[in-house]
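Derivation of every value follows stated rules applied to the coordinates shown; laboratory data play no part. Keep in mind that this is a model prediction, so the values were computed, not measured. No Cβ is skipped: glycine too gets one built from the backbone with ideal geometry, and neighbour counts run over all protein chains shown.
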Amino acid sequence: MLIATLSLPEQVVLMLAALILLSSFLMLAQVRLDSMINTFALQGLLLFFATLIMALISGKYQLLISAALTLFLKVFFIPNKLRGLVVRLDINREIESITNPSLIMLFAASLVLFSYYVALPIRALSLLATRNTIAISLAVVLIGMLMIISRRKAVTQVVGFMSMENGLFFAAVVATCGMPMVVELGIAFDVLVAAILFGVFFFHIRTEIGSLDTDRLNHLTEVEK
Amino acid sequence: MIALSLTLFFPLSGLFLFGFIGHWRSAGSINVAISICTFVTTLIIALDVFRYGPILSPGKFFYIDAFNVYLLLLNAFVGMTTAIFSGRYMAHEVAIGRVDDKRMRLYYAMYQGFLFTMLVALSTNNLGVLWVSIEGATLTTVLLVSLYRTPESIEAGWKYFIICGVGISQALFGTILVYFAAEKVVPGHDDGLLWTVLQDHAVKMDPGVMALAFVFLLVGYGTKVGLVPLHNWLPDAHSEGPTPMSAILSGLLLNVALYAIVRFKMLVDPALGTHLAGNLMMGFGMLSFSVAGLLLHRQYDVKRMFSYSSIEHMGLITFAFGIGGPLATFGALLHMIVHSLTKSAIFITVGHVAHIAGSQAINQIRGLLHTQPFVGWGFLIGTCAIAGLPPFGIFTSEFLLFTATIKSYPWLVPPLFIGLTVAFAGLFRNLQSMVFGEPPENQKQVAANMWPVVVHLGLVLWLGLAIPALLAQWLNQATIMIVGRGIL
């Protein structure tokens, strides 16, 4: 597939896909909580533009509603809530040390290759020009997972979780021009409730454990203490 | 149709009622009343489906057939008996100061919310809504797992949230892939996730995409079923949450997640024309079954022990669905009922046991038959039933499963048999000292409500001795739906 044979909007979607993947890498390497939340909001904004363009290309205007939901949830509501929480918990300037950052980045890069390999049967089938973006959305999901595994701060894990949601949403938009409306709304509602519950949990963890390091959540084991 | 709307309306109204009005003295009784109403309406639906066949709602949003209606009935039943148990149990928890009124309000609201999500998941025709409501089930129960706000329960809640959230995201990716494959063959943008539509077009869907989708779906919903290696949340959530939660998590949530996997298997099998889905399920089922059986031996907390037993049984059921023939599928469907009834009865008993001994630690619980014989006997008989001793229903379903395995995969019989023996030993090594022996001095009788346990175990005994013709017909219909032919 030659990039130049695609129409301009399709090229823009491809570029946005690349930027979304890049923002995932940025979050993975980011050690400061406030910058990480900003990067997350940026990813949401890119997702919003991608959805908007897809809506215009495909003529499926119900995607505009999804785009509006993305803008509201992923760009404003969740990042603002997280910002408010880290300020109230007074951890906005905290630096989180990452063990073996270069190894993690290499691993993330290999996850991207893996996603391309996994998505081969799908790419062969899609009629949309944006087909190889499915591999990218899978990579975003997997990198979100890697972020949850490799980090210790509860806030970072939540950002990883939400960026996984971004990847899934992106997959739905580029592979199938969005899910049926009732499902989209249901997913958005779940994400909204999850974001609120995470906020509640931060305070509980903080009160009971005295810190937001999930390393300290190590009471439950298989052996008797 | 009216019955179905009412079935969903009752728990939803309960959610708002408890959520907005808050906790008051008779909240427990109202919780029971709502659950009884839900049960009665599901009974009406069940009879309708039995008499007139599958129901499809006018907007195609709900679809009820032989497969999901019996789970619907089972869910409402366990939800009802657990509600009866939870009233007095939670009153005791308030009395000893483990929870306050504000959290009781959360508890009752979320109890009904959880039932609502489970009923929607079972009755919906839309595979996307199925995902949304199973994720909703996590969201409603996550604050209940951490209800006691101890460091341990917070940790269990966080683990539950993150592991299940990550797992269930994989299932969403799988659902998107199914929709992607369906879009090519199904006319109409919004029909691509409707079960009734997909069923007819399954043969034409792309095998490569469907195989990939099933892997994601199995990992995703498998996390919720508690399949190894993504089972870690389950024992923590069961042991740290309030006991009625453990009963409905084990009795309902695991079944519903497995139901989702089987639904997708029914689409993937015709699309692929191979036994890939079944093989994957057999592999994961066998792994979970063996690992959980071994881990049963290392437990020191009585609720943890029984949650590993849940993993073991869910592994067994997944394995049975994986084998696929009519006999194995019939056995698996029966096992879902008897496991759910027995396990919720056991958790109800364990709740009382923990109050009697003032602890969940196995080595603190001694001589239950002395302290409170009714509870002690319930505990003993329940454990015998869950271990698969005849004449209880679990023996019957495991027997069917063994017969099917001998027919199709004779070389898998030895590991299956060893696994069952190991699990049996794991349960019984602790049981004897807990039930018999000298009770310590600080053990005292509590006001126990054992009637739900009696009813559950009575049903399990009945199913072990003679499956009523009505239920057998029903399971047979479901078996025909899943594998194409029945056993009757």
Which Cα, out of A:Leu212, A:Ala171, A:Ala188, lies furthest along the positive dipole direction of the protein assembly as shown (beta carbon charges, K/R +1, D/E -1)?
A:Leu212
Stokes-Einstein D for the stretch B:136-255 at 4 °C, 1.567 mPa s, Kirkwood Rh over Cα pairs, in µm²/s?
83
Quick one: of B:Lys60/B:Lys184; A:Lys74/B:Lys60; A:Lys60/A:Lys81; B:Lys224/B:Lys407; B:Lys224/B:Lys265, which pairs are farther than 26 Å apart, Cα to Cα?
A:Lys74/B:Lys60; A:Lys60/A:Lys81; B:Lys224/B:Lys407
Longest principal axis of chain B (C-alpha) makes with the long axis of helix B:127-145 (C-alpha) an angle, in degrees to the nearest 10, of 10
Would you kindly state how much longer the chain becomes between A:Val200 and A:Arg93 on full extension, computed as 0.36 nm times their sequence separation minus their alpha carbon distance, in nm to one decimal?
36.4 nm
Helix B:373-386: inclination vs chain B longest Cα principal axis, degrees, rounded to 10, gives 30
P(r) of the stretch B:350-488 in 5 Å steps, Cα pairs, percent per bin?
2, 9, 14, 16, 15, 14, 10, 8, 6, 4, 1, 0
Restricting to Cα pairs below 8 Å that are 6+ residues apart, what does the relative contact order work out to for the stretch B:344-488? Please round to a whole percent.
36
Please compute one quarter of the surface area of the Cα convex hull for chain B and express it in square nanometres.
20.6
Rounded to 0.05, the calculated FRET efficiency for the beta carbons of B:Arg298 and A:Ser7 at R₀ = 56 Å is 0.35
Computed over the Cα atoms of the protein assembly as shown, the Rg and Dmax in Å are 24.9, 84
Semi-axes of the stretch A:3-216's equivalent ellipsoid from the Cα gyration tensor, sqrt of 5 times each eigenvalue, largest first, rounded to whole Å?
30, 20, 13
FRET efficiency for B:Gln473 and A:Leu185, Cβ-Cβ distance as r, R0 = 35 Å, nearest 0.05?
0.35
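Obtain the radius of gyration and the Kirkwood radius of the stretch A:1-77 from its C-alpha atoms and give Rg over Rh.
A ratio of 1.05.
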Can you list the lysines whose alpha carbon is less than 24 Å from that of B:Lys444, not counting same-chain residues fewer than 8 positions off?
B:Lys303
If unit charges are put on Cβ atoms (+1 for Lys and Arg, -1 for Asp and Glu) and the dipole of chain A is taken about its Cα centre, the option from A:Pro101, A:Leu120, A:Asn80 lying farthest towards the positive end turns out to be A:Asn80
So what is the calculated 222 nm ellipticity per residue for chain B, using -39500 (n - 2.57) for each DSSP H run with n of 4 or more, over all residues, to the nearest 500 deg cm²/dmol?
-26000 deg cm²/dmol
Crossing angle, helix B:27-52 versus chain B [Cα axis fit, 0-90 degrees, rounded to tens]:
30
For a quick protection proxy, order the peptides A:99-108, B:240-249, A:173-182 by their average other-Cβ count within 10 Å, most packed first.
B:240-249, A:173-182, A:99-108
Using 7 Å Cα-to-Cβ label points, what is the B:Phe61/A:Asp213 separation (nm, one decimal)?
4.9
Quick check: net charge around A:Ala68, other residues with Cβ under 13 Å of its Cβ, Lys/Arg +1 and Asp/Glu -1?
0
Reachable aspartates and glutamates from B:Lys159, Cα under 20 Å, same-chain residues fewer than 8 places away excluded?
A:Glu165, A:Asp190, A:Glu208, A:Asp213, A:Asp215, A:Glu222, A:Glu224, B:Glu135, B:Asp236, B:Glu240, B:Asp301
